[in-house]
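**Q** My questions will all concern the structure given below.
Coordinate-derived values only; no laboratory data. Remember, it's a predicted structure, so these values are computed and weren't measured experimentally. Ideal geometry is used to build each Cβ from the backbone, glycine not excepted, and the neighbour counts take in all protein chains shown.
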Amino acid sequence: MTKDNTQVAWYKKKIQFDPLTKMNGPLWFLIPYWILFIIFIVIPVIAAIVLSFTYFNAIQMPNFVGIRNYIELISIDTVFMQHVLSNTLKFSLIVGPIGYILSFLLAWMLAQIPKGPRTLFAIILYSPSLTMGIAMATMWQIIFSGDSAGYLNSLLLSYGLILEPIQFLQSPEFLMNIMIIVSLWSSMGVGFLAMLAGVLNIDQTLYEAAYIDGIRNRGQEILHITIPSMRPQMLFGAVMAVVSTFQAGGIGVQLSGSNPTPQYAGQLIVNHIEDFGFIRYAMGYAAGISVVLLLLVYFISKVTFNILGDKE
């Protein structure tokens, strides 16, 4: 055996027994992702779970209290049970499904027009999700301002529909509905772009074969060809809709200008966490609420995956 053959045999043996050497090509590029994932996702989640079993005021060392935080959340925290939980479920069950359906329908409609107008309309629809904070202060607060200079109040006064300005952003009657409107306006995010990409990448020969097999209208086309062909994008959009709606919280606070929101009308779980964690400094209790939020997101995401995921 020559020297070169000996080196080749040694290298093959090294690959066989050295797991790091097996990580060739793209696998090495996963290392930075896993490092960041562990640092910014895994460790904070574990820390939140651990802190949820303690009394921690951000000054003294955490004091283990067992499941007392969870007992207080269910049995003593009437604000959470009467307002926060119901508000969060109402907000999520309206904004999530409606925003998801709108994302798909708009993506499908954009796919029917030429590339130039499609790109322009896609940017217009996607931009609100990027400028949410700026638009909140410069547009929505002006539209729903509680004085006569507010756009909506001014319009209603000019037509004689009201006699005095309505405090839209301070009224429990209107705040949640305004939060839903603003959230739907800005719901065309990455899930919408993923669905648009999914529609555009469907093999057009499938539609031709389907019409030969008996498909007669666009409704059947969407149901039998479009949706099954873009199932991964539909699943991604659904998960993003679930996560984004349950993590929403700044909308009500930014609109009303206070946390808690007026009479807890727009108080969501994220607001409750910020209230106890960063205003009252009850970090252990806030960690317990965040664990409950994590479980809610996981449960609904699991249900979503079972509905839209690959059954094979």
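**Q** For Thr54, list long-range residues whose amide hydrogen, built 1.01 Å from N in the peptide plane, is under 5 Å from its own amide hydrogen.
**A** Val65
**Q** Taking the number of other C-beta atoms within 10 Å as the exposure measure, put Ser301, Ser148 in order starting with the fewest.
**A** Working: Ser301 16, Ser148 12.
Final ranking by Cβ density, sparse to dense: Ser148, Ser301.
**Q** Right, here's the next one. Using +1 on the beta carbon of Lys and Arg, -1 on that of Asp and Glu, and nothing else charged, what's the dipole of the chain about the Cα centre, debye to 20?
**A** Working: 15 positive and 15 negative charges, 208 e Å.
That gives the chain a dipole magnitude of about 1000 debye.
**Q** Now a separate question. From the square roots a ≥ b ≥ c of the eigenvalues of the alpha-carbon gyration tensor of segment 171-312, which class results: rounded (a/c under 1.5), prolate (a/b over b/c), or oblate? Could the numbers behind the result be given before it?
**A** On the way: a/c = 3.73, a/b = 2.26, b/c = 1.66.
In terms of gyration-tensor shape, prolate.
**Q** Compute the Cα gyration tensor for segment 59-210, then decide on rounded, prolate or oblate, letting a ≥ b ≥ c be the square roots of its eigenvalues: rounded whenever a/c is under 1.5, prolate when a/b is larger than b/c in the other cases, and oblate in all that remain.
**A** Cα axes put segment 59-210 in the oblate bin.
**Q** Sticking with this one: Each residue of segment 291-300 in order: what ³J(HN,Hα) in whole Hz does its phi give by Karplus 6.51 cos²θ - 1.76 cosθ + 1.60, θ = phi - 60°, with x for Gly and Pro?
**A** 5, 4, 4, 4, 5, 4, 5, 5, 4, 5
**Q** Oh, and also: Is segment 160-235 rounded, prolate or oblate when judged by the Cα gyration tensor, a ≥ b ≥ c being the square roots of its eigenvalues, rounded requiring a/c under 1.5 and prolate requiring a/b larger than b/c?
**A** Taking the square roots of the gyration eigenvalues as a ≥ b ≥ c, segment 160-235 is prolate.
**Q** Can you put Trp34, Trp140, Trp185 in order of Cβ neighbours within 10 angstrom, beginning with the fewest?
**A** By the 10 Å Cβ count, ascending: Trp34, Trp185, Trp140.
**Q** Largest first and to the nearest Å, give the Cα extent of segment 78-308 along each principal axis.
**A** 62, 50, 26
**Q** Further question on the same structure: In segment 58-75, whose amide N lies under 11 Å from the spot 7 Å out along Cα-to-Cβ of Tyr281? List them in ranges.
**A** 58-60
**Q** Which of Ser187, Ser103, Ser75 ends up with the largest GNM mean-square fluctuation for the chain, with Cα atoms connected below 10 Å?
**A** Comparing Ser187, Ser103, Ser75 in a Gaussian network model of the chain, the most mobile one is Ser75.
**Q** Give me Met195, Met109 sorted ascending by neighbouring Cβ count inside 10 Å, so fewest comes first.
**A** Lowest count first: Met109, Met195.
**Q** Of the trypsin sites (Lys or Arg not before Pro) in segment 241-311, which ones lie in a loop per DSSP and count no more than 10 other C-beta atoms within 10 Å?
**A** For trypsin sites (Lys or Arg not before Pro) across segment 241-311 that sit outside H, G, I, E and B with at most 10 neighbouring Cβ atoms in 10 Å, the list reads Lys311.
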